[in-house]
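Let me begin by presenting the structure, written as structure tokens, before commenting on it.
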Amino acid sequence: MENRVVHERWSKVDADWLIVGYGQDSSFTGPLAELDEDLGGKLQKLKELDDFNGKPGELLAIPDIKGLTAKRLLLVGLGKVAELNKSRVEKAIMTAVRHVSGRENMTVAVAHSKLGKSLTNADVALIVGTSAVVGGVGQGLYQSEKKRFPLAGISYVASSAREAKSLTASLQKGLLLGEAMNITRELVNRPASEIFPATLATYAENVARQTGLECTILDEHDLVHENMNSLLAVAQGSDQPPRMVVLRHLKGPKNSPTLALVGKGVTFDSGGLSLKLGDNMLTMKCDMAGAATVLGAMSAIARLDLPINVIGLMGCVENMVNGNSFKLGDILTARNGVTIEVQNTDAEGRLVLADVLSYTVDQGATHIVDMATLTGACVVALGEDVTGAFTNDQELCDRILSAAEGTGELVWQMPMFDLYDELIKCDTADIRNVGGRWGGAITAAKFLERFVDGKPWVHLDIAGPSFASSNKPAREGGATGCIVRTLVTLAENFNTKS
Ligand code: BES
Ligand code: MN
Ligand code: ZN
């Protein structure tokens, strides 16, 4: 996509659409006043007529305006300036981009009124870049009549010539992050008939080649050799053999710490013999979102050439039913020797991650973050838009929470009191793979903790936010690409704070 930062009178900016964000309480001063003047007082009039107030997400499209070089004007409300933050600005810009991306090959310029102290123009330029890329891609990959098209060009209108240069870097970084999110989104949106362990691994290999990551794929024989019996048990009931993908970006100084990003890649979760009922199975192509998030984040880390060591691991398995399926009561010996009684084959994600986490520890990871669409219980607890965080190391968790805050993503920490450990105890094995009726998101995390060998670790349960059930003005339904930006930010700060 063409991208540039311009510094011009707003009415002179050339584009198919000029998007103007303005606050509910914005006064008509500076470039906004100039625009109003060039448009013959049109904006003031709209306000007086109560046709546009700048309320959050409010849109008004005006084609063919006299005095405007751009072909069309789109006003988007930012809400109250004093209440603005990154996620509100992103919502507004995404809403506007989604409005204009219904047509092919649109060029878009974004300008906005003064935003107050909580945001810099660099923050906004980055958000504009990301929104331009993410908002131009829908989930209509398989629709013959497309409803959404990538933009042909994006411009950010800077408020001074001096700023234009540094803002270009922010805009371009925004584009890069959006592209990483779209990798994740595309993989999650593609159905399980296309994305199964072998194809997911090949896809990762291609992304790795394009972005300069090292990539190793372990096939089912390698996994047997690695003693990954817990992961293999889940794969047993599928005609599709499992894979583990290991991505490496080793650009840190020798002996510097290694951050590991680990993802659940269940390419379809039927529940196994504990078969899912009713609508619960409908969206289970999304159950590899954790692995897809790892790939998206690793692609950005590589493209940004961050001077640190990061490895990405994707545990890719299909959870199906056949005559060889793993069964309730089976006792598995995981790679690290922990024995597990299977009490529900639908609690498969933790069985996959168990072995991938222990492999990760043996790869020399000093800090581990895993992402997984792990439990419905986490969605019950936090709703569809918030990621749950679980940790054995408050310091690492705090770094993730602040990285999330810095990107406008919503992550909330859950407790890990000792008492939850009791709930996964078992009479026949060291642990069981379910913890009973209550606290299901936490008992799942407690299970994972058994496989990280005491290394600083955070588990992110993305069952809610990774896949949206419906379209909203500010985002497309389907895969969201959540947490990619949080991970990239974490990696950017990793160097200095490790
Ligand atoms: N993949 C599901 C969790 C999930 C639910 C993801 C909804 C996205 C949306 C996971 O494998 C699962 O089935 N978890 C069970 C665990 C239970 C059997 C202990 C659940 O949450 O019901
Ligand atoms: Mn399941
Ligand atoms: Zn699952």
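Quick one: order Leu46, Leu261 from most to least accessible surface, probe 1.4 Å.
Sorted by accessible area, descending: Leu46, Leu261.
Normalised by 2.2 N^0.38 Å, where N is the number of residues, the C-alpha radius of gyration of the stretch 332-443 stands at 1.12.
In this structure Glu186 has an accessible area near 60 Å², from a 1.4 Å probe over the protein heavy atoms.
Convex hull volume of the Cα atoms of the stretch 453-498, normalised per residue: 86 Å³. Each stretch of four or more DSSP H residues adds -39500 (n - 2.57); spread over every residue of the chain, this sum gives -11000 deg cm²/dmol at 222 nm. At q = 0.12, 0.14 Å⁻¹ the log10 of I(q)/I(0) for the chain amounts to -1.00, -1.27, computed by Debye summation with a single uniform scatterer per C-alpha, solvent ignored.
Once the mean of 1/r is taken over each pair of separate Cα atoms and inverted, the stretch 242-383 shows a Kirkwood hydrodynamic radius of 16.1 Å. Computed extension gain for Asp305 through Ser144, at 0.36 nm per residue and net of the alpha carbon distance, reaches 54.2 nm. By a 1.4 Å probe calculation restricted to protein chains, Asp305 has an accessible surface near 90 Å², given to the nearest 10.
Pairwise inverse Cα distances across the stretch 2-175, averaged and inverted, put the Kirkwood hydrodynamic radius at 15.9 Å. The listed residues His7, His367, His221, His249, once ranked by accessible area (1.4 Å probe) with the largest placed first, stand as His221, His7, His367, His249. Taken one residue at a time, the phi angles of the stretch 153-158 give Karplus couplings (6.51, -1.76, 1.60, θ = phi - 60°) of x, 10, 10, 10, 8, 7 Hz. Gly and Pro are set to x. What does the C-alpha gyration tensor say about the overall shape of the stretch 395-498? Classify as rounded when a/c is under 1.5, otherwise prolate if a/b is larger than b/c, or oblate. Cα axes put the stretch 395-498 in the oblate bin. In this simple spin-label model, placing a label point 7 Å from the Cα along the Cα-to-Cβ direction at both Lys425 and Lys276 gives a separation of 3.3 nm.
Among Ile431, Ile183, the sequence by solvent-accessible area, most first, with a 1.4 Å probe is Ile183, Ile431.
Mind jotting down a quarter of the surface of the convex hull over the alpha carbons of the stretch 353-392, in square nanometres, one decimal?
Details: hull surface 13.4 nm².
Its average projected convex-hull area is 3.4 nm².
Compared with the dominant Cα axis of the chain, that is its longest principal axis, helix 289-303 is turned about 60°.
Roughly how much of Phe28 is accessible, in Å² to the nearest 10, using a 1.4 Å probe? Phe28 exposes around 40 Å² with every protein chain in place. Determine, at each q value in 0.18, 0.22, 0.25, 0.26 (inverse angstroms), the log₁₀ of I(q)/I(0) that the Debye formula gives when each Cα of the stretch 94-143 is one equal point scatterer. Ignoring solvent entirely, the Cα scatterers give -0.63, -0.85, -1.00, -1.05.
The values are calculated or read from the model by the stated rules, or taken from the named source; none is laboratory data. Only a predicted model underlies this, so the values are computations on that prediction, with no experimental measurement involved. Note that each Cβ is placed from the backbone with ideal geometry, even for glycine, and that neighbours are counted across all protein chains shown. Side chains included, ligands, DNA and RNA excluded: accessible areas come from the protein's heavy atoms. Shrake-Rupley method; radii C 1.70, N 1.55, O 1.52, S 1.80 Å.
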